[in-house]
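S.K.: This structure is in structure tokens; I'll ask about it shortly.
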Amino acid sequence: MERGGHEGHEGHGRLVNVVDVEATCWEGERPPGQVSEIIEIGLTVVDLDARERVSRHGILVRPARSRVSAFCTELTGLTQAEVDTGLDFAAACRLLAGTYEAGRRPWVSWGDYDRKQFTHQCRAAGVPYPFGRWHTNAKAVFTEAYGLSRRPGMAQALEVAGLPLEGRHHRGEDDAWNIAALVLRVAGRGAWPEGPGPGRAV
């Protein structure tokens, strides 16, 4: 299941996919037999030439080997009943590769967690990796652009950049939207890399 809107004039300018995932998680030890799996893929399409966020999307993903814990619901707002309405992981990856041209467009995440989670889960599920090789770790680029001594979390980075946190933190669709604002702020300072930035996937 995909929700979202703000469809814009895709196909113009240099488009980048900003991605943020939420996954099943637990307070304390992981229950026996369960693994951390993606339950939401937030995606905001950014036009670097027009310097705007073109569209935003939230793709719910149904976990196959884990359940949404009360802790996970408290963190993300997502419930087991909600993610049960989502796509299976393979279908979600096909959607990324097809509708959002994930293999062709450069993509961005805040840190390397999202890239590593996709890599691991694709391998474990035998699902083709939907993204191309051009990945940029926006956290590393932001840290360098602002001359910070430590890499900030997304919410802290928004404060540093003087931007509001829109929506709910730890909700993939909202986080991707906010990360996209940070990408544009860095681009506005002339500090966004023209080629693959730090954290390039191999």
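The values are calculated or read from the model by the stated rules, or taken from the named source; none is laboratory data. Since we're looking at a predicted model, the values are computed, not measured. So basically every Cβ, Gly included, is an ideal-geometry build from the backbone, and we count neighbours across all protein chains shown. To get the accessible areas, we keep the full protein, side chains included, count just its heavy atoms, and leave off ligands, DNA and RNA. Shrake-Rupley method; radii C 1.70, N 1.55, O 1.52, S 1.80 Å.
S.K.: If you put +1 on each Lys and Arg Cβ and -1 on each Asp and Glu Cβ, how big is the dipole of the chain around its Cα centre, in Debye rounded to 20?
M.R.: So the dipole magnitude of the chain works out to roughly 620 debye.
S.K.: What accessible area per residue comes out for region 119-196, rounded to a whole number of Å², with a 1.4 Å probe? All intermediate terms of the calculation are to be shown ahead of the outcome.
M.R.: Numbers: 3790 Å² over 78 residues.
Value returned for region 119-196: 49 Å² of accessible area per residue.
S.K.: Putting +1 on Lys and Arg Cβ atoms and -1 on Asp and Glu Cβ atoms, find which of Leu78, Val46, Gly190 reaches farthest to the positive end of the dipole of the chain.
M.R.: Sorting the options by dipole projection puts first Gly190.
S.K.: Over the chain, what is the relative contact order in percent, taking alpha-carbon pairs closer than 8 angstrom and at least six residues apart? Write out the running numbers ahead of the final one.
M.R.: Details: 395 pairs, mean separation 49.5, N = 202.
Reported as a whole number, the value is 25 percent.
S.K.: Let me ask something else. Could you list which residues have their amide H under 5 Å from that of Glu40, counting only those 5 or more apart in sequence or on another chain, with H placed in the peptide plane?
M.R.: Glu22, Val61
S.K.: Suppose every K and R has +1 on its Cβ and every D and E has -1 on its Cβ; what is the size of the dipole of region 66-127 about the Cα centre, in Debye to the nearest 20? If you can, show how the numbers build up before the last one.
M.R.: Working: 7 positive and 7 negative charges, 68 e Å.
The calculated dipole for region 66-127 is roughly 320 debye.
S.K.: Ignoring any ligand, DNA or RNA, what whole percent of the accessible area of the chain comes from carbon and sulfur when the probe is 1.4 angstrom? All intermediate terms of the calculation are to be shown ahead of the outcome.
M.R.: Values: 4590 of 9350 Å².
Carbon and sulfur: 49 percent of the exposed surface of the chain.
S.K.: So what are the chain's ellipsoid semi-axes, whole angstrom, largest first, if each one is the square root of 5 times an eigenvalue of the alpha-carbon gyration tensor?
M.R.: On the way: eigenvalues 139, 72, 52 Å².
So the three semi-axes of the chain are 26, 19, 16 Å.
S.K.: Tell me, how many Å apart are the Cα centres for region 75-134 and for region 16-39?
M.R.: When both Cα centres are located, 12 Å separates them.
S.K.: What's the long-distance tail for region 44-159, i.e. % of Cα pairs beyond 24 Å? Please report the intermediate quantities before stating the final value.
M.R.: Details: 2473 of 6670 pairs.
Roughly 37 percent, once rounded to a whole number.
S.K.: Helix 89-98 against the longest principal axis of the chain: what's the angle in degrees, Cα atoms only, rounded to the nearest 10?
M.R.: Roughly 30 degrees between the two axes.
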